[in-house]
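Notes follow once the structure below has been shown.
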Amino acid sequence: MTQPTYTPSPAAGALVDPDLLAPFAQQDLSAEPRPFTPPAPSAPLAPLAAKRSFTKHALPRIILITFLVVAILPLASVGVFGFTNVVDGFTIAPVLELFGEAKAVKAVTNTVVLTLLTVVIGYALVIPTLVWMHLRAPKLLPAAETASLLPYVIPAIALVGGVNLVLRPLAPGFFVSLYSLLPFYVLMTLPFMFRTIDSGLRALDLPTLMRASESLGCGIFTTFFRVVLPNLWPAIVSGSLLVVMMSSGELVMASLLLHTTFPTLLVELGQSQVRLAAALSFITIVGSWLLMAAMVFAGSRRGTAHRATQFSI
Amino acid sequence: MPDTLTAEREGQPHRAAPAAQPAAAGAAPAAPRWRLRAAVNALGTLPYFLFIGVFLVVPVIVTTAKAFIGAEGEFTLANFAALGEAQYRNAFMNSINLSLVTSVIGAIVGLVLGWALINLRGPAWLDRCVTSLAAVASQMGGPPLAYAFIAFIGAQGILTVWLRELFGFELNQVIPVSSFWGIVLAYLYFQIPLMTILSIPALQGVRREWLDGGMSLGAGRARILFTVTLPILAPSLVGGFLLLFANAFSGYAAAYAMAGSGANLVPILIGFFLSGNVLVNQGLASALITGMVAIMLVAMGLRSLLLKRATRWSAGS
């Protein structure tokens, strides 16, 4: 299954091609008394070659196109299902009607506010800390990295359990507010923010930049805002797109800490108006695809297109 | 970072800054200057560690501790004994089964896809479409995924209606969307692309020299695959499998939106205990959470061990 990339180099034909074998044969003869015999007989050459070219050229395409078709089917059907009904065929009226309601507007506003604040607070925590660590306490970096990965290990549902059992009794008033979700949204996206900024800083040679900037008369804050931050900008932009995608789609904490966001609205609609929920799901999926495309585009200019998910770390 | 100084004095000294107290109090004039400096340096990282500590580590550790504490504050294992009841045991079995099935299938199919993506000598659009679709799909685990599958294979779903009208075949009775296998299908939708994305860096690390070297020694392709390539890739592939397992095990949103509280899975059960303000039984909920975190710790810990092994071969690539 796992075959290395194919390049039409002589080595592939070397099994059978006597001309190409000649140098090897001579070497082997010099090393061993026995004449070198090619391991594969030359009779099945033609069918073998045909089989190889099928595995090499046609098979990947067939697999990928099959994947595309199968993967698009549920997405297409959620679009069709969501925007049609038995009475009037294709319609976007229910969606428009929904967004006329205060409830839906509030859910969407909540999600937008939470998402933006998550990005801002997350980076406000991660960037200064990481810049500081790279400059003054590099020994703590491994510990900080391990700590940043904890939210992968502790599932959101377990964290909510801990919050409800431990933190809520301490500050019941705080958890009534929508903004009580922010620390947990920042935590959820922390592994990713940490990684993007950390790798961005590693590519910078920060001490040299700081010294150069200091020698030109800049203070530490001027250097931070006018030298470090602009250099990190591509990492911040492509990273924040994923943060937006993750925190705008988060359901567990919002619903179990009893707040209204877009995902909880979706689930609530799903109880009674499945088609409307499906229509909103379709819009969400298209939106996240656009975000992801923007991220791959932003990332490809830095040559890190493969850092495309939270898990590819 | 002036705010860290106040945070330090609030009685939450961090282990990374043990030298801060004597230095700040001026009680140690003999302390070398560099120790003060090191303390200040470590202090700058305090907000970060404090944030993770307060909002993540402390709640989870206290919850775990609560699982061992009985009604009168005594040490007890009764909460864990209660997990042996049929309902809770079934929830753990279901969750583990679901995670195993989706991660085994997801790992195999995802690997095949990754191989196809690496070996594609075809149109660039195909590569781009598959890559971006895989990136999006691997992130889908929430309500949109659930409604996509309800719209696809649900009772009134497009495929269900189509099969019923054309062949009179009741898909909904073979795989109800809220059943175990319905959830498996939905989970595979993000597990397969996730494995693809995880396996691509490993597959890119496969060296042509392994094949050439093996062939020059007279081995066939299959033998090289099983004795050279797969053993070298094994740590990253098994690591990917473990991440898939953890991913499925901790998933809540999709299963909840598809099956409501009807699915007897650990996360759904915990959610059921936590929803609403009143907790039925704090000890039992804590024990469930502890069990879940323990399984996650094992899976992710094994993964990080394996990844350390994997980097042995991929250094520099």
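The values are calculated or read from the model by the stated rules, or taken from the named source; none is laboratory data. Only a predicted model underlies this, so the values are computations on that prediction, with no experimental measurement involved. Glycine gets a Cβ as well: all are built from the backbone with ideal geometry, and neighbour counts include every protein chain shown. Heavy atoms of the whole protein, side chains included, go into the accessibility calculation; ligands, DNA and RNA do not. Shrake-Rupley method; radii C 1.70, N 1.55, O 1.52, S 1.80 Å.
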Can we say B:F169 is facing chain A (nearest Cβ under 10 Å) and in contact with a helix residue (DSSP H, G or I) (Cβ under 8 Å, 6 or more places away or on another chain)?
no
Got a sec? Which of A:P151, A:P169, A:P183 is at pLDDT below 85 and either assigned to a helix (DSSP H, G or I) or more than 8 Å from chain B (Cβ to nearest Cβ) (or both)?
A:P169
With (1) open to solvent by 20 Å² or more (accessible area, probe 1.4 Å); (2) within 9 Å of chain A (Cβ to nearest Cβ) as the list, and B:S178 as the residue in question, which single condition is left unmet?
(2)
Which members of the range B:232-271 meet the condition of being surrounded by fewer than 21 Cβ atoms within 10 Å (Cβ to Cβ) and among the hydroxyl-bearing types (S, T, Y)?
B:S261
Restricting the search to the range A:155-177, which residues are open to solvent by 20 Å² or more (accessible area, probe 1.4 Å) and within 20 Å of B:I295 (Cβ to Cβ)?
A:A156
From the residues in the range A:95-124 that are within 14 Å of chain B (Cβ to nearest Cβ) and surrounded by fewer than 19 Cβ atoms within 10 Å (Cβ to Cβ), which one is farthest from the chain's Cα centre (by Cα)?
A:V95
Every listed condition ((1) open to solvent by less than 10 Å² (accessible area, probe 1.4 Å); (2) modelled with pLDDT of 90 or more) holds for B:I192 save (1)
Among the listed residues B:A30, B:A24, B:A17, which satisfies the condition of being more than 30 Å from B:L288 (Cβ to Cβ) and either assigned to a helix (DSSP H, G or I) or at pLDDT 80 or above (or both)?
B:A24
The conditions are (1) farther than 22 Å from A:M292 by Cβ; (2) more than 7 Å from every other protein chain (Cβ to nearest Cβ), and B:I158 fails exactly one of them. Which is it?
(2)
How about the range A:57-86: which of its residues are within 7 Å of chain B (Cβ to nearest Cβ) and over 22 Å from B:I192 (Cα atoms)?
A:H57, A:V80, A:F81, A:G82
I need the full set of residues from the range B:37-50 which are crowded, with 20+ Cβ neighbours inside 10 Å and within 18 Å of A:T189 (Cα to Cα), in order please.
B:Y48, B:F49
How about the range B:105-155: which of its residues are open to solvent by 20 Å² or more (accessible area, probe 1.4 Å), under 19 Å from the mean Cα position of the chain (by Cα) and more than 8 Å from chain A (Cβ to nearest Cβ)?
B:I105, B:I108, B:V109, B:G141
Evaluation of A:H259 against (1) out of contact with any helix residue (DSSP H, G or I) (no Cβ under 8 Å at 6 or more places or on another chain); (2) more than 11 Å from chain B (Cβ to nearest Cβ) (one fails), failing number
(1)
What is the one condition in (1) within 10 Å of chain A (Cβ to nearest Cβ); (2) part of a helix (DSSP H, G or I) that B:G218 does not satisfy?
(2)
